[in-house]
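A short worksheet on the structure shown next.
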Amino acid sequence: MDGADSSGQGTVMCATWIRRPENAHVVIVGKLTPPVLEIFSYHPITTSLSTSPKGRFEFEEGVEPVTIVAHPSGDAVVCSTTTGGCKLFEIYFKGENVELVVKESIPLQDVGPQKCLAFSVDGSKLATGGVDGHLKMFEWPNMSITLDEPRAHKSFQDMDFSLDSEFLATTSTDGSARIWQTNGGPLTTLTRNADENIELCRFSKNGTQPFLFCTVQKGNRSLTVVWDISTWKRIGYRTLLKKPAALMSISLDGKYLALGSKDGDICVVEVKKMEVRHLTRRLHLGSSIGTLEFCPSDRVILTTSREWGVMATKLNVPVDWKEWQIYLLLLGLFLASVVVFYIFFENSDSFWNFPQPGRPKIDSVLGDPKSDDKWSEL
């Protein structure tokens, strides 16, 4: 199955995966009319979401969800709203049901309208990027402010933490991009030509390639440009989606990069070779992709749009080897070597049951094996 749409009424605004032990992940969806957050279970065999929500939270009148981010632990989510504040929810799993409990957080209530929310990979930091260009960074979970930049950008477009949680990359609606030290402040501004707009950003996550990927609009050309984060210099670019991208995402293991277009297409790129491995056109026909996020454990991607709702799409990429499959292969090779050695041993013709080419058979040297000769007399 290429994709599956969750049931339920309401225009979908945002969604994200919530990680669970044993890969029993769930998806939280923010909807309008009425404004609610709903949690659906995910079925990996059918690549689909449950038809009815396992948990639900209804916003008060006049409050609507805008964007949402889940903590890496899976026990909390932060949701920005149209009223200018963010709500912090603690998540409790009770059998088949899930409960969302609002937790009071004064620092988040006063942040204003937010365009971007992001947790660091280790879960120790939360960054918020405002519509007014205000950047704030909080320690998690005490919510103390570690970075406060009222004029970080004209208005935020995108943001992402590096794998080691030392850097934060941010982009602006005016085409600029900046790098921040999470324990310091502004580090550098990415260089660009006068006809270039840097729009989206994602750090590499495989632990071996210290790169930053950005989508760059250069006139009518849509490029994916790579920066080396040790020097913050460009090292290359590729034309991948071939049209303006609305969202960018990277898998947790860093092997795949995804781009979602403003007219409903998605493409998935193998990072090692920077080649497209999956392309689905018109997944959200005519609608801009509003959510683009890899499943924490499977090669499945979550997408949303206002017109077509939320979809889980299985990717046409090579199957990854599971840990138990590797151990099974090694065990099979070991058993095969034992069998080969046993056959080799049983069919050898020397006294020690190992072949020794060029030597005569043992009975031709010692004579009749039935004789009374003793080995000690040789």
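The values are calculated or read from the model by the stated rules, or taken from the named source; none is laboratory data. These numbers were taken from a predicted model, which means no experiment stands behind them. Using ideal geometry, Cβ is built from the backbone for each residue, glycine included, and neighbour counts are taken over all protein chains shown.
Structure values in brief
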read-out	value
Residue pairs meeting the criteria (Cβ under 9 Å; at least 6 apart or on separate chains; first farther than 21 Å from Thr67 by Cα and without any contact (Cβ under 8 Å) to a residue 24 or more places away in the chain, in region 298-319; second charged (D, E, K, R) and assigned to a loop (DSSP other than H, G, I, E, B))	Val319/Arg299
Some residue of region 240-261 being within 20 Å of the chain's Cα centre (by Cα), crowded, with 22+ Cβ neighbours inside 10 Å, more than 21 Å from Val121 (Cα to Cα) and of a type in the set (Ser, Thr, Tyr)	yes
Selection from region 37-68 of residues that are of a type in the set (A, V, I, L, M) and either outside any strand (DSSP E or B) or buried (at least 20 other Cβ atoms within 10 Å of the Cβ) (or both)	Leu37, Ile39, Ile45, Leu49, Val63, Ile68
Any hit, region 30-37, residues being among the aliphatic types (A, V, I, L, M), closer than 18 Å to Val111 by Cβ and at pLDDT 95 or above	no
Identity of the residue in region 298-317, buried (at least 18 other Cβ atoms within 10 Å of the Cβ) and among the polar types (S, T, N, Q), that ends up farthest from the chain's Cα centre (by Cα)	Ser305
Test set (1) touching a Phe, Trp or Tyr at 6+ places or on another chain (Cβ under 9 Å); (2) more than 18 Å from Cys116 (Cβ to Cβ) - Asn206 fails condition number	(1)
Of residues in region 99-111 being in contact (Cβ under 8 Å) with a residue 24 or more places away in the chain and within 10 Å of Phe57 (Cβ to Cβ), the one surrounded by the most Cβ atoms within 10 Å (Cβ to Cβ)	Leu100
Residue satisfying all of: in region 51-97; among the β-branched types (Val, Ile, Thr) and farther than 20 Å from Val121 by Cα; nearest to the chain's Cα centre (by Cα) among these	Val66
Residue list for region 229-275, restricted to those being closer than 15 Å to Leu212 by Cα and of a type in the set (S, T, N, Q)	Ser230, Thr231, Ser249, Ser251
Tally, over region 36-61, of residues that are more than 16 Å from Thr304 (Cβ to Cβ) and in contact (Cβ under 8 Å) with a residue 60 or more places away in the chain	1
Residue list for region 295-307, filter: more than 14 Å from Ser48 (Cα to Cα) and out of contact with any helix residue (DSSP H, G or I) (no Cβ under 6 Å at 6 or more places or on another chain)	Pro296, Ser305, Arg306, Glu307
Test result for Val365, surrounded by 12 or more Cβ atoms within 10 Å (Cβ to Cβ) and either modelled with pLDDT under 55 or aliphatic (A, V, I, L, M) (or both)	no
The lone exception for Ile229 - which of (1) more than 17 Å from the chain's Cα centre (by Cα); (2) of a type in the set (A, V, I, L, M, F, W, C); (3) buried (at least 21 other Cβ atoms within 10 Å of the Cβ) it fails	(3)
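For every residue, the table says whether it meets (1) surrounded by 20 or more Cβ atoms within 10 Å (Cβ to Cβ); (2) on the phi > 0 side of the Ramachandran plot; (3) free of Cβ contacts under 8 Å to residues at least 24 places away in the same chain.
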site	(1), (2), (3)
Arg20	no, no, no
Val27	yes, no, no
Lys31	yes, no, no
Pro34	no, no, no
Thr83	no, no, yes
Lys94	no, no, yes
